[in-house]
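Trainee: Take a look at this one; I'll ask things after.
None of the figures in this text is laboratory data; all of them are computed from the coordinates on show. Every value quoted in this text rests on a predicted model; they were computed, and no experiment measured them. Note that we place each Cβ from the backbone using ideal geometry, even for glycine, and neighbour counts take in every protein chain shown.
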Amino acid sequence: MRLLVWLILGVLVYLAIRKNTRTPDSNKPRPTWTADEQNSEQHVQAHSSGKPSETMVSCAQCQVFIPSSEAVRRGTQVFCCDEHAQQFTAQ
Ligand SMILES: [Zn+2]
């Protein structure tokens, strides 16, 4: 068990040394916002390419595809507009 503790300590020291020796190499300030910036870039890409995560549903009346968030729901059926929902239920 002691050996394991020393092993972990050794790995930690090794990682700390590696971190310390790497910092002066890339002499540029690399604060924590690097990760945030990457995240925001991904957000921008997601916005520029529309809504990739949006689920598309088909109107039960005219079979037109509409984003799930814009669909009109009547029970289990989805429609592109109120008009088609009424037409479908009137049939
Ligand atoms: Zn429709």
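Trainee: With 10 angstrom as the radius, rank C59, C81 by how many other C-beta atoms surround their C-beta, starting from the fewest.
Mentor: Numbers: C59 19, C81 16.
Going from least to most buried by this count: C81, C59.
Trainee: Here is a further query. Give me R73, R2 ranked fewest to most by other Cβ atoms within 10 Å of their Cβ, as a rough exposure proxy.
Mentor: Least to most surrounded, the residues fall as R2, R73.
Trainee: Counting Lys and Arg as +1 and Asp and Glu as -1, what is the net charge of the other residues whose Cβ lies under 12 Å from the Cβ of L12? Mind dumping the intermediate values first?
Mentor: Numbers: positive: R18, K19; negative: none.
Net charge around L12: +2.
Trainee: How many nm is it between the label spots at A90 and A16, if each spot is 7 Å from the Cα in line with the beta carbon?
Mentor: It is 7.8 nm.
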